[in-house]
Amino acid sequence: MNTAPRRHWLPFLNKEVPADCATPTETAAFELKTGCESLRLRMPELELRSELGEGWRISGGTISGGETGLLYGVYAYLMAAAAGKPIAEAESRPRYALRMINCWDNMDGSVERGYSGRSLWFRDGRFSYDPVRLRQVARMLASVGLNVLCINNVNVHEPAQGLIDEFLPDTARLAALLRPFGVRLMLSVDFSQPMRHGGLPTADPLNKEVQRWWRDTADRVYAAIPDFAGLLVKADSEHRPGPFTYGRNHAEGANLLARALKPHGGVLVWRAFVYNCQQDWRDTKTDRPMAAYETYHPLDGQFDGNVILQVKNGPFDFQVREPISPTLLAMPRTNLAMELQLAQEYTGQQTDIYAMNPMWKELMEELREGGDPQLCAMAAVSNLGDESCVTGHPFAAVNLFGFGRFAWDPAAEPERVIADWVRLTYGFEGETQAALTALLMNSRAVYEKYTAPLGLNWMVTPNSHYGPNPSGYEYQSWGTYHRATREAVGIDRTDSGTGYLSQYPAALREKYGSADTCPDSLLLFFHRRRYGWVMPDGRTLIQRIYDDHFEGYAEAEKMAETLAALPLPEPDRSEALRKMALQLHNAREWRDVINSFFARLSGCADAQGRDLCADFDD
Ligand code: GCU
């Protein structure tokens, strides 16, 4: 483990925040002094104005804000100056009250779907960390306005149930380390915890003993951590326990914990990731994307005021391309959070470059088209780990930075966010800044083309989720099918098919319902089409599949050339080049495996006569 903390996008903050900075206001004062010295800036006054809360104002040489607002104002002031766009007058406040990072860290030190090394705070069944390094991570989070850190996996493996029990003093010490940065601690808990850890014979949400157990537990946690943010729960999902065991619904389950947290001002974040993971692949009636809406829509209005329903951005599971989750558009009387995934589980695993802000912008546009529901929080699965650059790939840091900016202001332009990250991290200006910004801006489109264009999902290698395997999830129980035959591919999710489309409001139903108005990128998600079907651009479907894969690989090759020409500093340059070679290998595999799969199945040749690796007998 390399413990030397890198300063990432904050190279001008060249002194560690001292351990005796105990509050965000003290941190703000320290950061302002350090930053102004290193950037040679005139130092503004700081003015604490609690009514501004997390918001800040910069005006007439003064930065004002509430306790954490002041800290955010200082970072905004310094980062703007370092990015070459100093602020004289401005004010800002966050769009969402909770801006959360969900870490899937296990106490043995492993990280579920982690691609940046091991946990930054757990090892061998206990807490183990370098406080200097953790303060640096907390500083990174605070600098982009992130204010909640959930430190353990939603799949709560032992001994993590003890984080609110025998490990509570250690949990409290970690919370204290985050506090000066305005970052509040959250924990994932297991719904059956009263049984597995509390010795009760049941975890039934309507049982009085169970209710008392959660209340006592919450009282104990808040006695140790007064600013504890709340609890996160994955229930009745992928074999996790939940209220269904007792014939109770998810509002009853969520409200149980929410009522225990309420006297302390805590929130209960309840994940809406519920589906049948034991489906028979022969069953074409059950359509996994429909499951969350079917579970939660009837419960709208039944969740307590301090419950937040956390819904993944799409109805499946963080695929490269999915439509917006209809559940987000169907719960007007429920507090909602959208869950994104910075960990690149299906999007290149921090080997392939994949910058996410352009995708998040599209999600917001879709939300608006679907009726503009007012979310109250944003959450993202963490991409942090103990590797020296903390995000696995030095460029994957753009997603942590970008998520903070996005959760503060979802209208922030992706290009501006990414260009700022490039300038702050590497000091690039002019053409160099533009070249790296463009490479990152296009990275998702390139990845989508060489892996899963046109709304094709789940052709990925099972379990690891890296690399192609067109039939890997086709005959499994996870509800993950493309149903390619020699004639056609895709799933009809319109009224003539599974009926999934009917879960959307009218505007999106219309747009996706007709293959003529459905964007190409979602065609095979919503429609089943023959290979000879002519796309709006005049090419057949099969030709588009081939062309997109060839283009995706060719564009990845161009990315590699651009990257090699950039004056990146070490060690980022060597790391990025090494990973780019792996990305090219991956892109070539995807291109050839998918093209070969469809060519062999359909018997269709490539109109341009390229090698499809299909071994046609004739
Ligand atoms: C995916 C992922 C799992 C994770 C799950 C979740 O299925 O592969 O590792 O536990 O999502 O979000 O809960």
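The values are calculated or read from the model by the stated rules, or taken from the named source; none is laboratory data. Please read these numbers as outputs of a predicted model, since none were measured by experiment. Neighbour counts run over all protein chains shown; Cβ positions are idealised from the backbone, glycine included. Quick note on the areas: whole protein, heavy atoms, side chains included, nothing else; ligands and nucleic acids left out. Shrake-Rupley method; radii C 1.70, N 1.55, O 1.52, S 1.80 Å.
On the basis of being at pLDDT 95 or above and within 16 Å of the ligand (Cβ to nearest atom), does residue 139 make the cut?
Judged against the criteria, residue 139 is not a match.
Contact list please: Cβ distance under 7 Å, first residue in region 591-612 and open to solvent by less than 50 Å² (accessible area, probe 1.4 Å), second residue among the aromatic types (Phe, Trp, Tyr), pairs at least six apart or on different chains.
591/450; 591/550; 591/553; 595/546; 602/531; 604/531; 606/546; 612/546
One line per residue, one yes/no per condition, for (1) within 14 Å of the ligand (Cβ to nearest atom); (2) assigned to a helix (DSSP H, G or I); (3) in the same structural domain as residue 355 (by TED's automatic domain parsing); (4) more than 18 Å from residue 370 (Cβ to Cβ):
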residue: 286; (1), (2), (3), (4): no, no, yes, yes
residue: 296; (1), (2), (3), (4): no, yes, yes, no
residue: 301; (1), (2), (3), (4): no, no, yes, yes
residue: 305; (1), (2), (3), (4): no, no, yes, yes
residue: 308; (1), (2), (3), (4): no, no, yes, yes
residue: 316; (1), (2), (3), (4): yes, no, yes, no
residue: 324; (1), (2), (3), (4): no, no, yes, no
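Of all residues in region 326-375 being among the β-branched types (Val, Ile, Thr) and within 29 Å of residue 450 (Cα to Cα), which is nearest to the ligand (Cβ to nearest atom)?
Step by step, filter region 326-375, then rank; the result is 347.
Could you say which residue among 230, 199 is touching a strand residue (DSSP E or B) at 6+ places or on another chain (Cβ under 9 Å) and away from the ligand (no atom under 16 Å from the Cβ)?
On inspection, the qualifying residue turns out to be 230.
Which residues, counting only those in region 367-387, are within 15 Å of residue 335 (Cβ to Cβ) and in contact (Cβ under 8 Å) with a residue 60 or more places away in the chain?
Those that are within 15 Å of residue 335 (Cβ to Cβ) and in contact (Cβ under 8 Å) with a residue 60 or more places away in the chain: 375, 376, 377, 378, 379.
Please specify each residue of region 24-58 satisfying the condition of being touching a residue at least 24 places away in the same chain (Cβ under 8 Å), more than 11 Å from residue 69 (Cβ to Cβ) and of a type in the set (D, E, K, R).
Those that are touching a residue at least 24 places away in the same chain (Cβ under 8 Å), more than 11 Å from residue 69 (Cβ to Cβ) and of a type in the set (D, E, K, R): 26, 31.
Can you run down the residue pairs with Cβ atoms below 7 Å, 6 or more apart or on separate chains, where the first is in region 342-366 and under 11 Å from residue 414 (Cβ atoms) and the partner is at pLDDT 95 or above and part of a loop (DSSP other than H, G, I, E, B)?
Qualifying pairs under 7 Å: 364/410.
For a quick check of your reading of the model, give me the residue pairs whose first member lies in region 391-417 and is open to solvent by 20 Å² or more (accessible area, probe 1.4 Å), whose second is among the aliphatic types (A, V, I, L, M), with beta-carbon atoms closer than 7 Å and at least 6 apart or on different chains.
405/144; 405/412; 405/417; 410/364; 415/441
Has region 519-541 got any residue that is in a helix (DSSP H, G or I), of a type in the set (Ser, Thr, Tyr) and at pLDDT 95 or above?
There is at least one residue in region 519-541 that is in a helix (DSSP H, G or I), of a type in the set (Ser, Thr, Tyr) and at pLDDT 95 or above.
Among the residues of region 152-188, which ones are among the β-branched types (Val, Ile, Thr) and within 16 Å of the ligand (Cβ to nearest atom)?
Residues satisfying the conditions are 154, 156.
Pairs, please: C-beta under 6 Å, at least 6 apart or cross-chain, first residue farther than 14 Å from residue 182 by Cα and in region 224-235, second in a loop (DSSP other than H, G, I, E, B) and open to solvent by 10 Å² or more (accessible area, probe 1.4 Å)?
234/240
For region 478-519, enumerate the residues that are open to solvent by 40 Å² or more (accessible area, probe 1.4 Å) and touching a Leu at 6+ places or on another chain (Cβ under 6 Å).
Residues satisfying the conditions are 486, 509.
Could you please find all residues in region 214-225 being open to solvent by less than 80 Å² (accessible area, probe 1.4 Å) and either among the small types (Gly, Ala, Ser) or over 21 Å from residue 170 (Cα atoms) (or both)?
218, 224
One line per residue, one yes/no per condition, for (1) over 29 Å from the mean Cα position of the chain (by Cα); (2) at pLDDT below 95; (3) surrounded by 21 or more Cβ atoms within 10 Å (Cβ to Cβ):
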residue: 46; (1), (2), (3): yes, no, no
residue: 88; (1), (2), (3): yes, yes, no
residue: 111; (1), (2), (3): no, no, yes
residue: 130; (1), (2), (3): no, no, no
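Here are some residues: 135, 99, 118. Which one is buried (at least 24 other Cβ atoms within 10 Å of the Cβ) and charged (D, E, K, R)?
99
Pairs, please: C-beta under 6 Å, at least 6 apart or cross-chain, first residue surrounded by 21 or more Cβ atoms within 10 Å (Cβ to Cβ) and charged (D, E, K, R) and in region 175-201, second assigned to a loop (DSSP other than H, G, I, E, B) and at pLDDT 95 or above?
Short answer, once both residue conditions are applied: 184/227; 184/229; 190/156.
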